[in-house]
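A.B. asks: Take this structure, written in structure tokens, and hold onto it; I'll ask about it next.
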Ligand code: ADP
């Protein structure tokens, strides 16, 4: 709160802490706290009787500042300035914009190719021998689009977070067995051996999302493997939850990329991923699914040695106590 001469009358600790400022001395002007032109104009406008606001950015955070005049009768006797930390909101907006730009780009490439080949065929100048090749390309690109759009739908459903999914007790061992069965032909094509260890263990969750998460992890473990490599899925019940691990003996992920592979459309080797049918969204779906279930997600990897991704579903203390009671 400032008086009509911009002198600070009162402030709370949070404001100083947010802006990383030292304790002001009595009589200091609020304009000494932030020397940007935008801030000065905002304070001046409020003292002239108008509501005003501005956004201030420091190295890592964004603040929205709002100033309102404080009046007595007809005269402005000071102003109240409110500072909101909007870093997360700004970051979310940036990510959303970036996602839209990436989606458009990812959709455009296969569409351009489909349109180009279809135009050639439409002109009637394509030799009969090339028709199969051209239509195969159109079909493959259309399939890629379908996979991509399905992944985008899954992610936006998770983003919405509101979708009313039914939560159930899901046996992660049984679910993993079923997923490995589905992936057996792909593993065979890549000469990768699949193994499931551990035993039956239930976690509370949404079967459809858990299926997508485990499927994506196993699919990656096969795709980024080497001829003759292996994938082991283990499901273990611990005292406080269920640990599901997908371990492969594949190409691994360089350290510099490990923290980024969960970002949307992030691929270590973009052309290799596209060649083998990747969308760059698989691990984002795993990450969002884990967040949705409150599961812990971790990744360890060494180049040329392999990758291990672990999901840890912690039982709620209540479930744990109920289980203990049953044991007693
Ligand atoms: P994609 O559809 O490209 O597989 P993901 O989001 O599933 O997208 O994975 C992002 C990137 O992380 C992949 O392009 C790949 O470079 C890397 N990656 C994911 N899983 C593995 C793995 N098990 N081994 C090696 N690299 C992996």
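Derivation of every value follows stated rules applied to the coordinates shown; laboratory data play no part. Note that this is a predicted model, so its numbers are computed, not measured. As a convention, Cβ positions derive from the backbone with ideal geometry for all residues, glycine included, and neighbour counts pool all protein chains shown.
A.B. asks: In degrees from 0 to 90, rounded to the nearest 10, what is the angle of the helix 282-293 Cα long axis to the longest principal axis of the chain?
C.D. replies: Its long axis makes an angle of about 60 degrees.
A.B. asks: Quick one: in region 87-173, what % of C-alpha pairs are over 21 Å apart?
C.D. replies: Values: 2053 of 3741 pairs.
Result: 55 percent of Cα pairs exceed 21 Å.
A.B. asks: Rank these for me by crowding, 234, 298, 29, going from fewest to most other beta carbons within 10 Å.
C.D. replies: Result, fewest neighbours first: 298, 29, 234.
A.B. asks: State the dimensionless ratio Rg/Rh of region 22-99 (Rg: radius of gyration of Cα atoms; Rh: Kirkwood radius).
C.D. replies: 1.07
A.B. asks: Still on this structure, I have one more. Could you let me know the centre-to-centre spacing of region 252-271 and region 35-81, using Cα atoms, in angstrom?
C.D. replies: Result: 43 Å between the Cα centres.
A.B. asks: Can you give the alpha-carbon Rg of region 190-268 over 2.2 N^0.38 Å, where N counts its residues?
C.D. replies: Output field value: 1.21.
A.B. asks: Would you mind checking the tilt of helix 317-327 against the longest principal axis of the Cα atoms of the chain, expressed as 0 to 90 degrees and rounded to 10?
C.D. replies: 50 degrees
A.B. asks: Below 8 Å between Cα atoms, with a sequence gap of 6+, how large is the relative contact order for the chain in percent? Don't skip to the answer; put the middle values down first.
C.D. replies: Values: 492 pairs, mean separation 36.0, N = 328.
Computed over the chain, the figure is 11 percent.
A.B. asks: Please work out the Cα convex hull volume for region 1-60 and give it in Å³ per residue.
C.D. replies: Values: hull volume 5.3 nm³, N = 60.
About 88 Å³ per residue, rounded to a whole number.
A.B. asks: Within 10 Å of each residue's Cβ, count the other Cβ atoms and sort 189, 243, 204 from fewest upward.
C.D. replies: Listed from fewest to most nearby Cβ atoms, that is 189, 204, 243.
A.B. asks: A follow-up question, please. Kirkwood Rh, Cα Rg: Rg to Rh for region 162-216?
C.D. replies: Over the Cα atoms of region 162-216, Rg/Rh equals 1.05.
A.B. asks: Here is a further query. Take the alpha carbon gyration tensor of region 244-312, find the square roots of its eigenvalues, order them as a ≥ b ≥ c, and report rounded if a/c is under 1.5; if not, report prolate when a/b exceeds b/c, else oblate. Numbers along the way, then the final one.
C.D. replies: Working: a/c = 1.92, a/b = 1.23, b/c = 1.56.
Oblate, since a/c reaches 1.5 and b/c is not below a/b.
A.B. asks: Next up: So, by mean Cβ neighbours within 10 angstrom, what's the order for 14-23, 83-92 with the highest one leading? Before the final figure, lay out each step's value.
C.D. replies: On the way: 14-23: 11.6, 83-92: 13.6.
The most tightly packed comes first, giving 83-92, 14-23.
A.B. asks: Could you tell me whether region 182-328 comes out rounded, prolate or oblate from its Cα gyration tensor? Rule is a ≥ b ≥ c as square roots of the eigenvalues, rounded for a/c under 1.5, then prolate if a/b exceeds b/c, otherwise oblate.
C.D. replies: prolate
A.B. asks: For the chain, what is the mean residue ellipticity at 222 nm derived from helices alone (per DSSP H run of n ≥ 4: -39500 (n - 2.57); sum divided by total residues; nearest 500 deg cm²/dmol)?
C.D. replies: Computed mean residue ellipticity for the chain: -15500 deg cm²/dmol.
A.B. asks: A further question on this structure: For region 192-234, just say rounded, prolate or oblate: build the C-alpha gyration tensor, square-root its eigenvalues into a ≥ b ≥ c, call rounded for a/c under 1.5, and beyond that prolate if a/b exceeds b/c, oblate if not.
C.D. replies: oblate
A.B. asks: Report Rg(Cα)/(2.2 N^0.38 Å) for region 57-114, keeping two decimals. If you can, show how the numbers build up before the last one.
C.D. replies: Working: Rg = 21.4 Å, N = 58, 2.2 N^0.38 = 10.3 Å.
Compactness ratio reported: 2.08.
A.B. asks: Follow-up. So for region 229-272, Kirkwood radius off the Cα pairs, Stokes-Einstein at 37 °C and 0.692 mPa s: how many µm² s⁻¹?
C.D. replies: For these conditions, the coefficient is 254 µm²/s.
A.B. asks: Placing one identical point scatterer on every Cα of region 33-76 and ignoring solvent, what is log10 I(q)/I(0) from the Debye formula at q = 0.19, 0.21, 0.28 Å⁻¹?
C.D. replies: The Debye formula, applied to the Cα set alone, gives -0.58, -0.66, -0.96.
A.B. asks: Can you tell me the Rg and Dmax of region 1-137, counting just the alpha carbons, in angstroms?
C.D. replies: Both quantities, over Cα of region 1-137: 28.3, 89 Å.
A.B. asks: Where does the chain land on Rg(C-alpha)/(2.2 N^0.38 Å)?
C.D. replies: Normalised by 2.2 N^0.38 Å, the Cα Rg of the chain equals 1.41.
A.B. asks: Same structure again: Would you compute, for the Cα atoms of region 81-136, the largest minus smallest coordinate along each principal axis and list the three values in descending order, in whole Å?
C.D. replies: Principal extents (Cα only, largest first): 74, 17, 7 Å.
A.B. asks: Using Cβ contacts closer than 10 Å as the measure, can you line up 96, 264 from fewest to most?
C.D. replies: Ordered from fewest to most neighbouring Cβ atoms within 10 Å, 96, 264 come out as 96, 264.
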